[in-house]
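S.K.: Submitted below is the structure of interest, expressed as structure tokens.
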Amino acid sequence: MTDSDSEIILREATPDDLPAIWAIFEPIVAAGETYAYPRDTTREECQRIWMDQPQKTLVAETAQGLLGTYFLKPNAAGPGGHVCNCGYMVAPEARGRGLAAAMCVHSQDLARVLGYKMMQFNAVVATNTGAIALWHRLGFDTVGCVPRAFAHPTQGFVDIFVMAKWLGDRAPG
């Protein structure tokens, strides 16, 4: 992004960001199309899920305000502790402006700084074709499919994909 009106600033979220995060989170989760959270998730549960539990939560700001957010957390412990997981949300009015791509690239850099060697998305809903295309463009592979694992509100039971990208300098083995 070249002009100052579209510059994306990524920074760690603070408790003061919760109202803006909730304004993004609530309609996305209530739609029930992309996240496996209860559609009636409360603001308090949002805080726990999106801000308290993750290792890091970041926000994406432009001149128009806070328009996106992501979290980064370990995907597993012990022998799987080198793998992280992220979730991304963009306000509907800001979609198609590169925020999700910027957040994903930023999250990969942050993951490397934090010592992670791989990033894994556990449940990418098959009907979320825009996200799937973006993750593929950013170097993620679809490594698994769980048939009919997501109850989509209009399309019934649809598949979810497990997607992953090696972040280290070389693959193990």
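Every number here is computed from the coordinates shown, using simple stated rules; none is lab data. What you see is a predicted model; the values in this text were computed from it and never measured. Here Cβ is always computed from backbone atoms with ideal geometry, including for glycine, and neighbour counts include all displayed protein chains.
S.K.: What do you reckon, is Met119 without any contact (Cβ under 8 Å) to a residue 60 or more places away in the chain, surrounded by 21 or more Cβ atoms within 10 Å (Cβ to Cβ) and within 13 Å of the chain's Cα centre (by Cα)?
M.R.: Considered against the rule, which asks whether it is without any contact (Cβ under 8 Å) to a residue 60 or more places away in the chain, surrounded by 21 or more Cβ atoms within 10 Å (Cβ to Cβ) and within 13 Å of the chain's Cα centre (by Cα), Met119 comes out as yes.
S.K.: Here's something else I'd like to know. Filter the range 80-116 for residues that are β-branched (Val, Ile, Thr) and touching a residue at least 24 places away in the same chain (Cβ under 8 Å); which is farthest from Ala133 (Cα to Cα)?
M.R.: Val83
S.K.: If you check Arg97, Arg148, which single one turns out to be surrounded by fewer than 17 Cβ atoms within 10 Å (Cβ to Cβ) and basic (Lys, Arg)?
M.R.: Going through Arg97, Arg148 in turn, the sole match is Arg148.
S.K.: So, one more: Which residue pairs have Cβ atoms closer than 6 Å, lie 6 or more positions apart in sequence or on different chains, and pair a first residue in the range 147-170 that is on the phi > 0 side of the Ramachandran plot with a second residue that is part of a strand (DSSP E or B)?
M.R.: Arg148/Phe157
S.K.: I want to confirm something. Restricting to the range 47-84 and keeping residues that are assigned to a strand (DSSP E or B) and among the polar types (S, T, N, Q), which single residue is surrounded by the fewest Cβ atoms within 10 Å (Cβ to Cβ)?
M.R.: Only one residue tops the list, namely Thr62.
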